[in-house]
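Asker: Structure provided below as structure tokens; questions to follow.
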Amino acid sequence: MASEKPTSNIILSNTKSRTKKISNGFNSFLNSKSITENPYNKIVLFSTFLLMLLGVYFLSVFYGDFEQLNLDKMSTTIGYSFIVLATTLMAFKVSFFIYKAYNYFKYKPIASVSDKELPTITVIVPAYNEGKQVWDTLMSLDNSNYPKEKIQIISIDDGSKDDTWDWMLDAKTKLGDRLEIYQQPENQGKRHALYRGFNLGTGEIYVTVDSDSIVTEDTLRNLVSPFVKDENCGAVAGNIRVLNNKKAMLPKMLDVSFVLSFEFVRSAESNLNSVLCTPGALAAYKSTAVHECLPQWINQTFMGQPSDIGEDRAMTNMILKQGKHVLFQKNAVAFTNVPEEYMGLYKMFIRWGRSNVRENLEMAKYVFTNFRAKGKSGTRILFISQFLKILMSYPLLISMLFFVIVHPLLFIGSTLVTILVISTFSVLFFASQYKTTEGFWAYSYSILFTFGLFWITPYAIATANRRGWLTRGLEEKK
């Protein structure tokens, strides 16, 4: 008995130490310069944690009602069917997460090959109403640690209405023959600007970079090295981080979301040779693979309308269909600007959502055929997971609205506790990658997405045939 007291003291001391460390870390996070530069950031973070505590309280108070609701559902055929379906979906999602985690741990980025082995590349930068940012992008590309004799940089002004062309002229003055610039007679959309670049390019590999993105010194060589190591590689996705995340809240939230989306999800997809989308901000394509599908890509339609969005996802899909590998390079980083306001954010998500609907329908046409010699199972599992999100969008929306009507406080409590549990993985993952507490923004982002953007997928499905970029002054066309 005498030995129990010292042991208890040690456990208590360790617990206090860990609690103090967590508390100090959180206080440091809330009082860091990047947070307090905008006073609303601290308010949002405090509100986030208060909401989650409120959720825990509501769930604890109404847990008996939660059990009674389940019992009531079990007593009806519809309710029983719903519970079986929900349980099955939950089991699939848990299994799929474990599957992704397994592939994530097996993933390793390919190290840069030597200068001699590096292929010739054409970097294409389409620009529309970008102003000085396009100049910064072109300068970062020229500063790349890539053999100058093996790189061709092309920038195309897609009929901008601001001073984008002037900044491109200034970049041309500074870079000389290292940069080629062209101007579209009128705004035709990013797909047409890229199409012109693909036809002008002379490199073995085409690299596409958004005009609001900045690349690091080794990004280009790391991005294209997989083509040297894997002869069946058709495309490579870069690792995207947020550039304008110093003050505004939404970019901070999106930066955490991007890290999970790229460094976890795409790492897992890459281990299956099946990254489903190469981002427009930074991607590389084998020129022969591009030209094999280029006529189909530029003339792509959906429900009789020309496709003027989702050009990156479409190109990825067509290259996967060729049986090529599509990989991800964690060590090829680009920093890009994202929306700082809600309106810009939801427009971006609607565009992505519509593209996701269209390309999943296209993928369904070939994914269960013999499109690749081996390694098709992983691609099919990824597709099924994506397609289920679309398929279950309306049933989940209806069940959510029903839950809100029947017991709103229990809905709020259970939803916030679910966010607390699931988002903790994002927080821990971000912290493990970058040794910072900025990952706490995952909680705020999840609350925003759940309560403020839940309508995006159902709306994107219902309006999948609509055209329009929705941002940068381009009007939506019906």
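The values are calculated or read from the model by the stated rules, or taken from the named source; none is laboratory data. None of these values were measured; they are calculated from a predicted model. Cβ coordinates were reconstructed from backbone atoms using ideal geometry, including for glycine residues, and neighbour counts include every protein chain displayed. Calculation scope for accessible area: heavy atoms of the full protein, side chains included, ligands and nucleic acids excluded. Shrake-Rupley method; radii C 1.70, N 1.55, O 1.52, S 1.80 Å.
Asker: To the nearest 0.05, what FRET efficiency results for THR88 and ALA462 with a Förster distance of 35 Å applied to their C-beta separation?
Answerer: Result of the calculation: an efficiency of 0.85.
Asker: Take the alpha-carbon centre of the range 147-165, take the same for the range 295-334, and report the distance between them in whole Å.
Answerer: 21 Å
Asker: Now, a different point. What list of ³J(HN,Hα) couplings, whole Hz, do you get for the range 358-371 from phi and the Karplus terms 6.51, -1.76, 1.60, once you set θ to phi - 60° and write x for glycine and proline?
Answerer: Karplus values, whole Hz, x for Gly and Pro: 4, 6, 5, 5, 5, 5, 4, 6, 10, 5, 9, 9, 8, 6.
Asker: Compute the FRET efficiency between ASN370 and LYS246 as 1/(1 + (r/R0)^6), taking r as their Cβ-Cβ distance and R0 = 41 Å, and round to the nearest 0.05.
Answerer: Approximately 0.25, to the nearest 0.05.
Asker: With unit charges on the beta carbons (Lys and Arg positive, Asp and Glu negative) and the dipole taken about the Cα centre of the chain, which residue among ILE447, THR77, ASN245 sits farthest to the positive side?
Answerer: Towards the positive end, the residue furthest out is THR77.
Asker: Any chance you could check the Cα centroid distance between the range 396-431 and the range 339-378 for me, in angstrom?
Answerer: Between the Cα centre of the range 396-431 and that of the range 339-378, the gap is 25 Å.
Asker: Another question, then. Once label points are set 7 Å from the Cα along Cα→Cβ at both GLN188 and VAL61, what is their separation, rounded to one decimal in nm?
Answerer: 6.2 nm
Asker: Note down the net charge around VAL242, summing +1 for each Lys or Arg and -1 for each Asp or Glu among other residues with Cβ under 9 Å from its Cβ.
Answerer: Once positives and negatives cancel, what remains is +1.
Asker: Moving on. Please compute the length gained on full extension between ILE78 and ASP162, using 0.36 nm multiplied by the number of residues separating them and subtracting their Cα-Cα distance.
Answerer: Separation in residues times 0.36 nm, less the Cα-Cα distance, equals 24.5 nm.
Asker: May I ask you to give the percent of accessible area on the chain that is carbon plus sulfur, with a probe radius of 1.4 Å?
Answerer: Answer for the chain: carbon and sulfur cover 62 percent of the accessible area.
Asker: A further question on this structure: Under 1.5 on a/c is rounded, so check that first for the range 196-336, then, if it is not, pick prolate when a/b is larger than b/c and oblate when it is not; a ≥ b ≥ c are the square roots of the alpha carbon gyration tensor eigenvalues.
Answerer: It comes out prolate by the Cα gyration axes.
Asker: With the other protein chains left in place, how much accessible area per residue, in square angstrom, belongs to the chain at a 1.4 angstrom probe?
Answerer: 48 Å²
Asker: Additional query: Report the full-extension gain for the segment ALA431 to ILE384: residue separation times 0.36 nm, less the Cα-Cα distance, to one decimal in nm.
Answerer: 13.9 nm
Asker: Report the semi-axes of the equivalent ellipsoid for the chain in whole Å, largest first, where each axis is √(5λ) for an eigenvalue λ of the Cα gyration tensor.
Answerer: Over the Cα atoms of the chain, the semi-axes work out to 41, 28, 23 Å.
Asker: What pairs in LYS150/LYS286; LYS106/LYS435; LYS93/LYS246; LYS42/LYS108; LYS247/LYS389; LYS324/LYS365 have C-alpha atoms more than 26 Å from each other?
Answerer: LYS93/LYS246; LYS42/LYS108; LYS247/LYS389
Asker: Which residues in the range 390-432 place their backbone N less than 19 Å from a point set 7 Å from the Cα of LEU361 along the Cα-to-Cβ direction?
Answerer: Once the point is set 7 Å along Cα→Cβ of LEU361, 390-395 turn out to lie under 19 Å by backbone N, inside the range 390-432.
Asker: What's the ranking of 319-331, 41-53 by average number of surrounding C-beta atoms within 10 Å, highest first?
Answerer: 319-331, 41-53
Asker: Okay, next question. Could you tell me which of MET348, PHE46, PRO119 has its Cα farthest along the dipole of the chain towards the positive end, charges placed at Cβ (Lys, Arg +1; Asp, Glu -1), taken about the Cα centre?
Answerer: So the residue we want is PHE46.
Asker: When only Cα pairs under 8 Å and 6 or more residues apart are kept, what is the percent relative contact order across the range 198-263?
Answerer: The normalised contact order for the range 198-263 reaches 21 percent.
Asker: Let me know the charge dipole size of the chain about its Cα centre in debye, to the nearest 20, where only the beta-carbon of Lys, Arg (+1) and Asp, Glu (-1) is charged.
Answerer: The dipole of the chain has a size of about 1240 debye.
Asker: Over the range 68-183, one equal point on each Cα, no solvent: what is log10 I(q)/I(0) by the Debye formula at q = 0.14, 0.15, 0.17, 0.23 Å⁻¹?
Answerer: -0.71, -0.76, -0.87, -1.14
Asker: Subtract the Cα-Cα distance of PHE454 and ALA111 from 0.36 nm times their separation in residues, and report this length gain in nm to one decimal.
Answerer: Separation in residues times 0.36 nm, less the Cα-Cα distance, equals 119.5 nm.
Asker: How much of the DSSP bridge set in the range 232-369 is antiparallel, in percent, rounded to the nearest 5?
Answerer: 35 percent
Asker: Using per-residue counts of other Cβ atoms within 10 Å, averaged over each peptide, order 192-199, 296-303 from highest down.
Answerer: Per-residue mean Cβ counts within 10 Å order the peptides as 192-199, 296-303.
Asker: At a threshold of 8 angstrom on Cα-Cα distance, excluding pairs fewer than six apart, so keeping six or more, what relative contact order does the chain reach in percent?
Answerer: 18 percent
Asker: Still on this model: Once you order the gyration tensor axes a ≥ b ≥ c over the Cα atoms, which shape class does the range 47-109 get: rounded for a/c under 1.5, otherwise prolate or oblate by comparing a/b with b/c?
Answerer: Oblate, since a/c reaches 1.5 and b/c is not below a/b.
Asker: Ok, one more. Accessible surface of THR88 in the full protein assembly, 1.4 angstrom probe, to the nearest 10 Å²?
Answerer: About 80 Å², rounded to the nearest 10.
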